[in-house]
Amino acid sequence: MANKKVITVFGATGAQGGSVARAILENKNFAVRALIRDVTRPNAQVLRDLGAEVVKGDLNDEASVETALKGAYGAFVVTNFWDDFSKEKEVCQGKLVADAAKRLGLKHVVYSGLENVKRLSHGKVEVPHFDGKGEVEEHFWAIGVPMTSVRVAAYFENFLTAWKPVKADDGDYYTLVLPMGDVPMHGISVTDVGAAVCSIFNSPEEFIGQAVGLSAEALTIQQYADVLSKSLGKEVRDAKITPEAYEKLGIPAAKEVANMCRFYQMKPDRDVELTHRLNPKVKSFSQFISENQEALKGM
Ligand SMILES: NC(=O)c1ccc[n+]([C@@H]2O[C@H](COP(=O)([O-])OP(=O)(O)OC[C@H]3O[C@@H](n4cnc5c(N)ncnc54)[C@H](OP(=O)(O)O)[C@@H]3O)[C@@H](O)[C@H]2O)c1
């Protein structure tokens, strides 16, 4: 550990950062320093047991970010829009890390970014949890930090939680309610992101300055439904909802998700082939569901 280059990992107690920290530790080319808000929590100890150095810090506290980055070769940076539903806060946190990485001369940052949809659509579509990350990507590149942006497709895990099949009112079947029309939607298990990011850290010359869209595969909502039907033995159908109807469902983040799907229908770049090269073990949706059937047992 002592003579290995250090990668500071943000969000290591969460889904993306946790996947990245584990993959880097398993790969053993770099040491991991995890910045964590509460270092007394059991998940901080889990990371220590896996071999990570754990340091206390907060993305809203510049001094702690600077301390966590000092002496590091690189960093994996993820911010969580959904903590406060605030684009401004997410942009502030992302830029704070970018500026500190620049001051300290980090050699390679992998940032979990997404497109600035508002800018790309000339203001017609706003997806705040994308737009803020897009602004941060632009900032990283503008100030000259050697950075790779990974634009992660929708997590397959969402199908076990917010997007799980909904029981129909008018019959013995379930529906998937996502306004994608017939356009395939890219997806990936967040547990497979880490190995892909680790490969990117192992090939800086190929990936610095690039945006990489990570996706295991792209399926239509009916194809996602077919996989679920086969695996669960219950009929699941695409609800065939429009973005306009989705917005009126009165569920949390309805407008945000409707606009995200409007953007997905414009087919942003996600590179399935490259993702499989970066992580040859990346799971298909079918494999993911068969490994996670337990989570949908109550259906
Ligand atoms: N869901 C999807 O399909 C999808 C797809 C692509 C991108 N994304 C993006 O992924 C991001 C969320 O990442 P995730 O799924 O890994 O979330 P997560 O599992 O909820 O983890 C969030 C992590 O961020 C840490 N964190 C939050 N606020 C912090 C702060 N102020 N200082 C330091 N650490 C802080 C949390 O630490 P604690 O343990 O202290 O809470 C936790 O480790 C979102 O911005 C979302 O837009 C999601």
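Residues whose amide H comes within less than 5 Å of that of residue 174, counting only those at least five positions distant or on another chain, are 168, 235, 236, 237 (H built at 1.01 Å from N in the peptide plane).
A cut-off of 5 Å between modelled amide H atoms, ignoring neighbours fewer than 5 places along the same chain, links residue 271 with 213, 214, 215.
Positive end of the dipole of the chain, charges at C-beta (+1 Lys, Arg; -1 Asp, Glu), about the Cα centre: which of 25, 125, 144 has its Cα farthest in that direction? The residue sitting most towards the positive pole is 25.
Computed from phi, the 3J(HN,Hα) profile of region 100-112 under the Karplus parametrisation 6.51, -1.76, 1.60 (θ = phi - 60°) reads 5, 4, 5, 4, 8, x, 4, 8, 7, 10, 9, 10, 7 Hz, with x in place of Gly and Pro.
Give the separation of the Cα centroids, region 204-269 to region 46-101, in Å. Going from one Cα centre to the other spans 28 Å.
Rounded to the nearest 500, the 222 nm mean residue ellipticity of the chain from helices alone is -12000 deg cm²/dmol, with -39,500 (n - 2.57) taken per DSSP H run of at least 4 residues. Each residue of region 182-191 was assigned a 3J(HN,Hα) from its phi angle through the Karplus curve 6.51 cos²θ - 1.76 cosθ + 1.60 (θ = phi - 60°); the sequence is 9, 7, x, 10, 6, x, 7, 6, 4, 5 Hz, with glycine and proline shown as x. Once you order the gyration tensor axes a ≥ b ≥ c over the Cα atoms, which shape class does the chain get: rounded for a/c under 1.5, otherwise prolate or oblate by comparing a/b with b/c? Verdict is prolate for the chain. Charge dipole (Cα centre; +1 on Lys/Arg Cβ, -1 on Asp/Glu Cβ; no other charges) of the chain amounts to roughly 600 debye.
In order along region 152-162, phi translates into HN-Hα couplings of 7, 5, 3, 5, 4, 4, 4, 6, 9, 10, 4 Hz, rounded to whole numbers, per the Karplus curve 6.51 cos²θ - 1.76 cosθ + 1.60 with θ = phi - 60° and x for Gly and Pro. In terms of the mean number of neighbouring beta-carbon atoms within 10 Å, the peptides 27-34, 16-23, 41-48, 237-244 order highest first as 16-23, 27-34, 237-244, 41-48. Annotation: amide H of residue 6 within the under-5 Å range of 31, 73, 74, sequence separation 5 or more or interchain, hydrogens built in the peptide plane.
Between the C-alpha center of region 273-299 and that of region 142-191 there is a gap of 13 Å.
The GluC sites (Glu not before Pro) of region 127-212 include none that meets both criteria, a DSSP state outside H, G, I, E and B (loop) and at most 13 other C-beta atoms within 10 angstrom of the site's C-beta.
About the Cα centre, and with charges only on the beta carbon of Lys, Arg (+1) and Asp, Glu (-1), how big is the dipole of region 7-156? Nearest 20 debye, please.
The dipole of region 7-156 has a size of about 360 debye.
Farthest towards the positive end of the charge dipole of the chain, among the residues 296, 163, 12, is the Cα of 12, using unit charges on the Cβ of Lys, Arg, Asp and Glu. For region 1-42, the Kirkwood hydrodynamic radius comes to 10.6 Å, computed from all pairs of different C-alpha atoms.
Projecting the Cα atoms of 180, 208, 72 onto the charge dipole of the chain (Cβ charges, centred on the Cα centre) puts 72 farthest toward the positive pole. Its relative contact order, with pairs defined as Cα atoms under 8 Å and 6+ residues apart, puts region 1-73 at 31 percent. For residue 26 and residue 205, the difference between the fully extended length at 0.36 nm per residue and the C-alpha to C-alpha distance is 62.2 nm. A simple spin-label model places the labels of residue 43 and residue 245 3.6 nm from each other, with each point 7 Å out along Cα-to-Cβ.
Taken together, the values in this text are just the output of simple stated rules run on the coordinates, not laboratory data. Computed from a predicted structure; not experimentally measured. Using ideal geometry, Cβ is built from the backbone for each residue, glycine included, and neighbour counts are taken over all protein chains shown.
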